[in-house]
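Notes follow the structure.
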Amino acid sequence: MRVRLLVPVLSALIAAAALAAPTQAASEDPLRYVALGDSYSAASGVLPPDPTAAPQCARSTSNYPHRIAQRTGAALVDVTCGGADTSDYFESQYPGVAPQLDALSKQADLVTMTIGGNDSGVFISTIQSCGVAGLSTLGQGSPCKERYGSSFADTIRTTTYPDLVKALKAVHRRAPRAEVAILGYPWIMPKAVGCFDRMPVATGDVPYVRHIQWVLNDAVRRAAAATGTTYVNLNKVSEGHDACQPVGVRWVEPVLQGTNPVVVHPNALGEARMATRAVRVLGLG
């Protein structure tokens, strides 16, 4: 009698377990994560290189998207590419490199990026132009500010900002279920006192260059707010880790005496810290 009663009980338990199995498996599906963006996302110049990337993209497997994926167990699709601007979301950046938006789908759970710094060439133009100006005065005065005034900041406000909004809206359309996050850029220059031997920016132009980067990060922040995108603010956490700091402290490598062949870009430490901040802001662990 007891044996007869035990059989249906065991059968019921097995059936219940079978029904529960798909639900449990579904809950354990990895986060579907797509990484977009420019060289700050790609970690251009940081070793080791990503063998799956086009050589022109100079992508590293030590970039912050890979680090986020390692921490969270996410299934990562990484299409970050050095030199990308917002137009490369919609068009091919290089032959054989698809528009970055093509990596997105309705199945994506998470999208991250840094983008905007290359739009209109403002970011690199600021560093190059102010470096040349600084060398022309041997680091004295504020030759870059005197020559260019508000032109860099004006371009960010009038051109980069609407391009960011357009790009972020397109990301949300392509990945409507995803949490979309955009990171600001970690500080390149300190607030006031520079390091002319490593970053050839004249003394008076140090706060000028810093302000232009603040304008860029503010444009990123405002574009995020306008599109329902999560903004990962790096202003506070990257303070004191600019390119003028020593090895092991700085997150961004300087023009001279640096360790990254791609100058004025995050090193491995910087990418790791960017990942930590993004994980914290996104509540991923």
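Structure notes:
- Looking across the stretch 225-239, just one residue is without any contact (Cβ under 8 Å) to a residue 40 or more places away in the chain and assigned to a loop (DSSP other than H, G, I, E, B), and that is K236.
- Pairs where the first residue, in the stretch 51-63, is touching a residue at least 60 places away in the same chain (Cβ under 8 Å) and the second is assigned to a strand (DSSP E or B) and open to solvent by 30 Å² or more (accessible area, probe 1.4 Å), C-beta under 9 Å, 6+ apart: A58/P49; S60/P49
- The set of residues in the stretch 119-150 being acidic (D, E) and exposed (fewer than 15 other Cβ atoms within 10 Å of the Cβ) consists of E146 alone.
- Filter result for the condition that a residue is of a type outside the set (A, V, I, L, M) and modelled with pLDDT under 95, over T80, T126, T72: T126
Each row is one residue, and each column tells you yes or no for (1) touching a Cys at 6+ places or on another chain (Cβ under 9 Å); (2) at pLDDT 95 or above; (3) part of a helix (DSSP H, G or I); (4) surrounded by 17 or more Cβ atoms within 10 Å (Cβ to Cβ).
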residue: A243; (1), (2), (3), (4): yes, yes, no, yes
residue: P246; (1), (2), (3), (4): no, yes, no, no
residue: P254; (1), (2), (3), (4): yes, yes, no, yes
residue: T259; (1), (2), (3), (4): no, no, no, no
residue: V264; (1), (2), (3), (4): no, yes, no, yes
residue: E271; (1), (2), (3), (4): no, yes, yes, yes
residue: T276; (1), (2), (3), (4): no, yes, yes, no
residue: V279; (1), (2), (3), (4): no, yes, yes, yes
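- Cβ-Cβ contacts under 6 Å between residues 6 or more apart (or on different chains), taken from a first residue in the stretch 71-99 that is within 22 Å of V264 (Cα to Cα) and without any contact (Cβ under 8 Å) to a residue 40 or more places away in the chain to a second residue that is assigned to a loop (DSSP other than H, G, I, E, B) and small (G, A, S), are listed as Q93/A84.
- Output for the stretch 42-68, where each listed residue is in contact with a Phe, Trp or Tyr (Cβ under 6 Å, 6 or more places away or on another chain) and open to solvent by less than 10 Å² (accessible area, probe 1.4 Å): none
- Counting residues in the stretch 27-41 that are at pLDDT 95 or above, farther than 21 Å from R174 by Cβ and open to solvent by 40 Å² or more (accessible area, probe 1.4 Å) gives zero.
- Taken together, the criteria exclude A58 from residues that are of a type outside the set (D, E) and either touching an Asp or Glu at 6+ places or on another chain (Cβ under 6 Å) or at pLDDT below 50 (or both).
The values are calculated or read from the model by the stated rules, or taken from the named source; none is laboratory data. Only a predicted model underlies this, so the values are computations on that prediction, with no experimental measurement involved. With ideal geometry, Cβ positions are generated from the backbone for all residues, glycine too; neighbour counts draw on all protein chains shown. Note: areas computed on protein heavy atoms with side chains; ligands, DNA, RNA excluded. Shrake-Rupley method; radii C 1.70, N 1.55, O 1.52, S 1.80 Å.
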